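For reference, the structure is listed below as structure tokens.
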Amino acid sequence: MPPLLQAAGLTKHYGSTIALEDATFDVHEGVTGLLGPNGAGKSTAIKLFLGLIRPTSGSAEVLGTKPYETVEGRARLGYMPEHECLPSSVTASEFLMHMAQVSGLPPAHARTRTADILRHVGLDEERYRAIGEYSTGMRQRVKLAQALVHDPVLVLLDEPTAGLDPGGREEMLDLISRTGHSFGISIMLSTHLMGDIERTADRVIVLEGGRVAQEGPVSDFTKDTTTLLVEVDDHHDEIITALSAGGVTAIRRGQSLVIEDAGDAELDAVRDALASSGARLRRMAPHRGTLTDIFRDAPHGV
Amino acid sequence: MASEPPVTTGPQGEVFDLGYQRYDGPREGRSRARKAIYWDGVKLILGIGRGPKSKILPLLLFIGAMFPALVFVIILSVAGDVAGFLFDGPAGYNGMISTLLIMFGAIMAPELFTPDRKDRVLDLYLVRPITSTDYAMARVAAFMSIVLALVYSGQIVLQLGLILTATEPWGYIKDNWQDIPRFIGAGFLVALFITAIPMAVATFTNRRAYASVFVIGLFMVTAVTVEILTQVESCPGHARSMNGEIILDELECEPLTGDAAKYIELLNFGAAPLFMNDLVFDIESRSELHDAIPIGAYGVYTVIPLALIWWQYRRTRI
């Protein structure tokens, strides 16, 4: 399958400011996370894929076409912005029907699609209320619905959980996961929240200072590592000294001791050190990677 | 003995969740998008699909645009030719409703541009399969359609009245058929003008009230300035006190005359479409200059605002 989005040496400069530098990556079917802190180049990448700006050099392709050369490709693309972008005086139903037509759907089909999508995002009962009367969570769902109403192949979501309370965030992440994995609509999710990516995405592209720092399946970043975490209540220093005497380096991190590249010999040494120090063991387990580690381990720092 | 109806057990019906259905119907691209934005604009101006309050102003404006024609037709049917002394007929009709049209443009034109920018709905339009020019021109076309309807509605009532009250309706049509293409042409030029300036102003602010006040001010200031420069023969001079009262001296002013006055008159924005009206109806022009000059002024007053609208939306970024 050809990639849905393709960035090849994609570069965008605003005067002397580098927003994106020589970024090369592909986005395939499924849910792809675009992860990075503020100023990493995520919004610039989205604007380039939407064809709203032209690259300084390199190319951005969406579904095989260059979006800044023709607008027709946007008929199969959806976009949910981070900021407020909804009219307050019209109903969700009226607004979505209009937006479906602006995406090229005939009025009768737009009406059917609107009803379907409002049901999928859970706003079926509220569809005849003015958007201005909606809660933040409901407005976020309308924003997602307008991005889906024309049945795009790919949707670009920009910080979709911004401003939501924990309950609303969970609901939105469920909805995104369902859209990406059950509806068959691919998603590129741009966020600085690693939890959002871990919850929903299959792959992740990490941007850092306008460059691609890392990319790959999310499972690669979250699998078990050879790092051993030993959580004890007390006697941390004695254990570190005992391990050090046996040639094993342990670093204290809070209540835990971290031992890199722990094999059988290191496990035996930990057992002996715990026994000799008389420390009370709480937990001992291999460290499971998280996306947070990407930033901790990043060579340039984030 | 009648048999007992069969007893049914178990579920009588089931509800199936079909899940998400992909769309494989037609996609009509940019042309559908333009039509959708156009009709949305028309509905917005007329208040269709909105509360009763949104419909009051457009309704009053339509009544206002047709009112002089209705009065004319009533007088014509009751008093015959006397009506001719009171009204100029089709040629003078656009002049009669021009103030109303300017008010309509000032109040309603911002409605089509400013809310989309203020609420940032424009960002959602710009990521769909249309260009910013498609969006702006569809909105302009929507507004102009309504202005055309306003301009033509009165003229149609007037024409029908003139034909139906004539002693020989068919003879009247044969003698005056040229009025029909003339009112269509003149109405188009008036509507284009009423559309261009208020809509261009509306692209520079996110506040509807500012745009409306600016447009009304623009027409008033240019009209009053031209009046002062070309008509006023006395003006207030120094203030002095006499018996405890402040008295203003009257000074004689010399109004501009000759070619200077004729050119200055072109600066009255409100008069520009009426110069064109006079030309189309082939009546004595309000402007004493060569026809090409008021035509040029009209061109400048319409082309520049339309170009500004295009330029403003072309440089719009989300």
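The values are calculated or read from the model by the stated rules, or taken from the named source; none is laboratory data. Predicted model, so just to flag it, every value in this text is computed and none were measured. Because the Cβ atoms are built from the backbone with ideal geometry, glycine has one as well, and the counts that use them run over all protein chains shown.
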Worksheet item: Only one residue in B:207, B:240 is within 22 Å of residue B:104 (Cα to Cα), among the charged types (D, E, K, R) and more than 14 Å from chain A (Cβ to nearest Cβ), so which one is that?
Response: B:207
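Okay, residues lined up against (1) at the interface with another protein chain (Cβ under 7 Å from one of its Cβ atoms); (2) within 24 Å of the chain's Cα centre (by Cα); (3) not β-branched (Val, Ile, Thr):
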| residue | (1), (2), (3) |
| --- | --- |
| A:52 | yes, yes, yes |
| A:60 | no, yes, yes |
| A:64 | no, yes, yes |
| A:67 | no, yes, yes |
| A:70 | no, no, no |
| A:76 | no, yes, yes |
| A:84 | yes, yes, yes |
| A:90 | no, no, no |
Worksheet item: Does residue B:160 fit the bill of being modelled with pLDDT of 90 or more, closer than 22 Å to residue B:80 by Cβ and more than 19 Å from the chain's Cα centre (by Cα)?
Response: yes
Item to complete: Scan the range A:18-32 for residues that are surrounded by fewer than 16 Cβ atoms within 10 Å (Cβ to Cβ) and closer than 14 Å to residue A:214 by Cα and report the count.
Response: 2
Fill in: Evaluation of residue A:5 against (1) under 18 Å from residue A:154 (Cα atoms); (2) away from chain B (no Cβ under 11 Å); (3) surrounded by fewer than 20 Cβ atoms within 10 Å (Cβ to Cβ); (4) of a type outside the set (S, T, N, Q) (one fails), failing number
(3)
Discussion item. Just checking, does the range B:198-214 include any residue being touching a Gly at 6+ places or on another chain (Cβ under 8 Å), surrounded by fewer than 20 Cβ atoms within 10 Å (Cβ to Cβ) and of a type outside the set (A, V, I, L, M, F, W, C)?
Written reply: no
Worksheet item: From B:134, B:175, which residue is of a type in the set (Asp, Glu) and in contact (Cβ under 8 Å) with a residue 40 or more places away in the chain?
Response: B:134
Discussion item. Is it the case, given these coordinates, that residue B:274 is of a type in the set (A, V, I, L, M) and over 20 Å from residue B:188 (Cα atoms)?
Written reply: no
Worksheet item: If you scan the range A:89-132, which residues turn out to be of a type in the set (Val, Ile, Thr) and touching a strand residue (DSSP E or B) at 6+ places or on another chain (Cβ under 8 Å)?
Response: A:90, A:91, A:131
Fill in: Residue match in the range B:112-127 (condition: part of a helix (DSSP H, G or I), among the charged types (D, E, K, R), free of Cβ contacts under 8 Å to residues at least 60 places away in the same chain and in contact with a helix residue (DSSP H, G or I) (Cβ under 8 Å, 6 or more places away or on another chain))
yes
Discussion item. Given the condition in a loop (DSSP other than H, G, I, E, B), more than 14 Å from every other protein chain (Cβ to nearest Cβ) and in contact with a Gly (Cβ under 8 Å, 6 or more places away or on another chain), answer yes or no: does some residue in the range A:173-196 qualify?
Written reply: yes
Worksheet item: Condition test on residue A:71, is it closer than 21 Å to residue B:128 by Cβ and free of Cβ contacts under 8 Å to residues at least 40 places away in the same chain?
Response: yes
Response to the item:
Exactly one of A:206, A:212 is more than 16 Å from residue A:158 (Cα to Cα) and crowded, with 18+ Cβ neighbours inside 10 Å, and that one is A:212
Worksheet, complete the sentence: Across (1) within 14 Å of chain A (Cβ to nearest Cβ); (2) touching a residue at least 40 places away in the same chain (Cβ under 8 Å), residue B:109 clears everything bar (1)
Worksheet item: Here are some residues: A:185, A:251, A:239. Which one is over 30 Å from residue A:37 (Cβ atoms), of a type in the set (A, V, I, L, M, F, W, C), in contact with a strand residue (DSSP E or B) (Cβ under 9 Å, 6 or more places away or on another chain) and at pLDDT 85 or above?
Response: A:239
Discussion item. Among the residues in the range B:78-98, are any exposed (fewer than 14 other Cβ atoms within 10 Å of the Cβ), in a helix (DSSP H, G or I) and either touching a residue at least 24 places away in the same chain (Cβ under 8 Å) or in contact with a Ser or Thr (Cβ under 7 Å, 6 or more places away or on another chain) (or both)?
Written reply: no
Practice prompt. Report, by residue number, each residue of the range B:147-182 that is in a helix (DSSP H, G or I) and β-branched (Val, Ile, Thr).
Written response: B:147, B:151, B:156, B:157, B:163, B:165, B:173, B:180
Discussion item. Just checking, does the range A:95-105 include any residue being within 28 Å of the chain's Cα centre (by Cα), modelled with pLDDT of 90 or more and under 30 Å from residue A:24 (Cα atoms)?
Written reply: yes
Practice prompt. State which residue is surrounded by the fewest Cβ atoms within 10 Å (Cβ to Cβ) when the search covers only the range A:116-170 and only residues that are touching a residue at least 40 places away in the same chain (Cβ under 8 Å), assigned to a helix (DSSP H, G or I) and of a type in the set (Gly, Ala, Ser).
Written response: A:132
Worksheet item: Does residue B:204 qualify as being on the phi < 0 side of the Ramachandran plot, touching a residue at least 24 places away in the same chain (Cβ under 8 Å) and either small (Gly, Ala, Ser) or part of a helix (DSSP H, G or I) (or both)?
Response: no
Discussion item. So residue B:49 ticks every box in (1) at pLDDT below 85; (2) over 30 Å from residue A:87 (Cα atoms); (3) not hydrophobic (A, V, I, L, M, F, W, C) but one. Which box is left unticked?
Written reply: (2)
Discussion item. When you scan the range A:99-113, do you find a residue that is away from chain B (no Cβ under 11 Å), aliphatic (A, V, I, L, M) and either under 21 Å from residue B:42 (Cβ atoms) or surrounded by fewer than 24 Cβ atoms within 10 Å (Cβ to Cβ) (or both), even just one?
Written reply: no
